[in-house]
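This report refers to the structure that appears directly beneath it.
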Amino acid sequence: MLAVVGAAALVLVAGAPWVLPSAAGGENLKPPENIDVYIIDDNYTLKWSSHGESMGSVTFSAEYRTKDEAKWLKVPECQHTTRTKCEFSLLDTNVYIKTQFRVRAEEGNSTSSWNEVDPFIPFYTAHMSPPEVRLEAEDKAILVHISPPGQDGNVWALEKPSFTYTIRIWQKSSSDKKTINSTYYVEKIPELLPETTYCLEVKAIHPSLKKHSNYSTVQCISTTVANKMPVPGNLQVDAQGKSYVLKWDYIASADVRFRAQWLPGYSKSSSGSRSDKWKPIPTCADVQTTHCVFSQDTVYTGTFFLRVQASEGNHTSFWSEEKFIDSQIYILPPPQSITVTAMSDTLLVYVNCQDSRCDGLNYEIIFWEDTSNTKIMSSSPGSVLRSSSPVTATLHFLSYGCSHKRCADAHTVCILGSFSTIWIITGLGVVFFSVMVLYALRSVWKYLCHVCFPPLKPPRSIDEFFSEPPSKNLVLLTAEEHTERCFIIENTDTVAVEVKHAPEEDLRKYSSQTSQDSGNYSNEEEESVGTESGQAVLSKAPCGGPCSVPSPPGTLEDGTCFLGNEKYLQSPALRTEPALLC
């Protein structure tokens, strides 16, 4: 009995060293270190490192939580794993909010503390996987079908239209590589050689996020034998009214027929097959010419693609290169307002269009002088045109994607060139200065004429005292003047006047009876005397003598004597002194 108890005690004592170290190791178990999360599309890879001495029996577990959830959730693929990494997907989480992970070490019933990583947003830290590529060969072209990164995932679900793709292609027998950039999921690489092997690789690029994937696995394919029917080329589209005109190049015989199809623009931006999405154009389904006309109502999308195929009997060519069409380029609203301002030799052309379709348009302005056929072109949103003559401006509208093709015509504006404000002010100044100079010259001329050539007519202050016409008041100066005898009238009844033509030195005879002036005067021989003696003017001097001789009695108070041809003289001055009648 004692032996059994002792054996049992020995076993317990011997087993104690195996149990106790386990308990002691749990207390000293260290958490994982250097935790890293690597994301490609929707695939997560969680990595960490652990201490080497405890790797034998230690396992690891991971949990995560998002900003919207306070509770930690277990990562199913990362529970009690013995590796130092685990791979998983979180398709149900929001990749645009912060997410946080933590990892701990476990050994038996013991666990270490959690080691948490800093929160991050998966969308910004995720990497892109290389796109999937599928090739299809023609005789002179290769069709590249591209699947975007994370085809069915959550991270890039909203970013697929933002991807661009870089394709590198080269002949297998050569190292010369050609690079092609594309934004579509199907890209046709034309102008290749028949029966030639080409290799290519593709990578995806996200321009706004500045991210790109690695190149896809290199794939090679050989083009087919040359087809008897060439492919129509150089597709061109123009607009005529409310119709499109589709043209292409082809050396065709009389039996070659053509058909055209169109594809909505959004269809090419979606992955997958599009062979059943191409739609026929009724008026271009079977034509023998290298052009066809169809209504704009046939196409109901803003952007679309066109392609043409040739056929002759049982032979059919491959489809032509797909031509991208933006209807905004070909259907443009005319400008609501065109303003042309003429300033000297400059025309300022303003185009006002409130329609949203006018955004991003470039205007082609053609103008010419109305006397010339030489036309000048200017392309600008707001143009400054130089011309010194009247001009006619015709405005045509171009979009930046129209590539120098006239898309729509506007109205023709005719305007006469006008002087600028500076020229107007200068002209007015010249006119005013000219008027002032003419007025000054006229004033100087009048002054010179007045000084050098005085008028014969007496001044108005003197001429107003004469009642006779100016011709009777002229003083006749002769070599020998006629002398008139004057008598003092003393008798009011009779007055005798004797007029003799005698020399100047003859004495004057006076017949006087009284010195009293009666105030009545008579001159009976006026007419005969006036005829012989001529007409004389009133003089301040005494009759027949110079002005220095004193006036005889009987003259006026101021010494004035009267001519003999005056019949009646009634003056207050004559009533006081005897009058002298000449």
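The values are calculated or read from the model by the stated rules, or taken from the named source; none is laboratory data. No experiment lies behind these values; they were computed from the predicted model shown. Ideal geometry is used to build each Cβ from the backbone, glycine not excepted, and the neighbour counts take in all protein chains shown. To get the accessible areas, we keep the full protein, side chains included, count just its heavy atoms, and leave off ligands, DNA and RNA. Shrake-Rupley method; radii C 1.70, N 1.55, O 1.52, S 1.80 Å.
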message = Whether any residue in the range 167-181 is touching a residue at least 40 places away in the same chain (Cβ under 8 Å) and under 30 Å from Asp92 (Cβ atoms) is what I want to check.
response = no
request  = Scan the range 151-168 residue by residue and report those that are buried (at least 19 other Cβ atoms within 10 Å of the Cβ), closer than 18 Å to Glu201 by Cα and not hydroxyl-bearing (Ser, Thr, Tyr).
outcome  = Phe163, Ile167
ask   = Among the residues of the range 15-35, is any at pLDDT 90 or above and open to solvent by 70 Å² or more (accessible area, probe 1.4 Å)?
value = yes
key: Count - residues of the range 169-194 that are touching a strand residue (DSSP E or B) at 6+ places or on another chain (Cβ under 7 Å) and either open to solvent by 40 Å² or more (accessible area, probe 1.4 Å) or not in a loop (DSSP other than H, G, I, E, B) (or both)   = 16
note = Across the range 295-311, the tally of residues that are in contact with a Gly (Cβ under 8 Å, 6 or more places away or on another chain) and touching a residue at least 40 places away in the same chain (Cβ under 8 Å) stands at 2
query = Checking Ser269 against (1) over 46 Å from the mean Cα position of the chain (by Cα); (2) surrounded by 13 or more Cβ atoms within 10 Å (Cβ to Cβ), which single condition isn't satisfied?
reply = (1)
inquiry  = Show me the strands (runs of 3 or more DSSP E) entirely contained within the range 216-258 in which 3 or more residues are touching a His at 6+ places or on another chain (Cβ under 8 Å).
reply    = 243-249
remark   = Expected output for the range 86-107 (first residue within 9 Å of Pro122 (Cβ to Cβ) and touching a residue at least 12 places away in the same chain (Cβ under 8 Å), partner part of a loop (DSSP other than H, G, I, E, B) and of a type in the set (S, T, N, Q), Cβ below 9 Å, 6+ apart or cross-chain) is Leu90/Asn154; Thr93/Asn154; Asn94/Asn154; Val95/Asn154; Thr99/Thr93
request  = Name the one entry in Leu209, Leu263 that is modelled with pLDDT of 90 or more, among the aliphatic types (A, V, I, L, M), under 39 Å from the mean Cα position of the chain (by Cα) and closer than 26 Å to Lys140 by Cβ.
outcome  = Leu263
key: Candidates Thr197, Thr217, Thr223, filtered to the one that is among the hydroxyl-bearing types (Ser, Thr, Tyr) and without any contact (Cβ under 8 Å) to a residue 60 or more places away in the chain   = Thr197
query = Would the range 278-294 turn up any residue that is in contact with a strand residue (DSSP E or B) (Cβ under 9 Å, 6 or more places away or on another chain), in contact (Cβ under 8 Å) with a residue 12 or more places away in the chain and closer than 30 Å to Phe123 by Cβ?
reply = no
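Table: residues versus (1) more than 25 Å from Ile167 (Cβ to Cβ); (2) of a type in the set (Asp, Glu); (3) surrounded by 15 or more Cβ atoms within 10 Å (Cβ to Cβ).
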| residue | (1), (2), (3) |
| --- | --- |
| Pro207 | no, no, no |
| Lys211 | no, no, yes |
| Val225 | no, no, no |
| Ala239 | yes, no, yes |
| Ile251 | yes, no, no |
| Pro280 | yes, no, no |
| Asp297 | yes, yes, no |
| Gly302 | yes, no, no |
inquiry  = I need a count of the residues in the range 76-127 that are of a type outside the set (Val, Ile, Thr), open to solvent by 50 Å² or more (accessible area, probe 1.4 Å) and not in a strand (DSSP E or B).
reply    = 17
inquiry  = Between a residue in the range 63-80 that is among the basic types (Lys, Arg) and any residue that is in a strand (DSSP E or B), which pairs come within a Cβ distance under 7 Å, given they are 6 or more apart or on different chains?
reply    = Arg65/Leu73; Arg65/Gln100; Lys71/Arg65; Lys74/Glu63
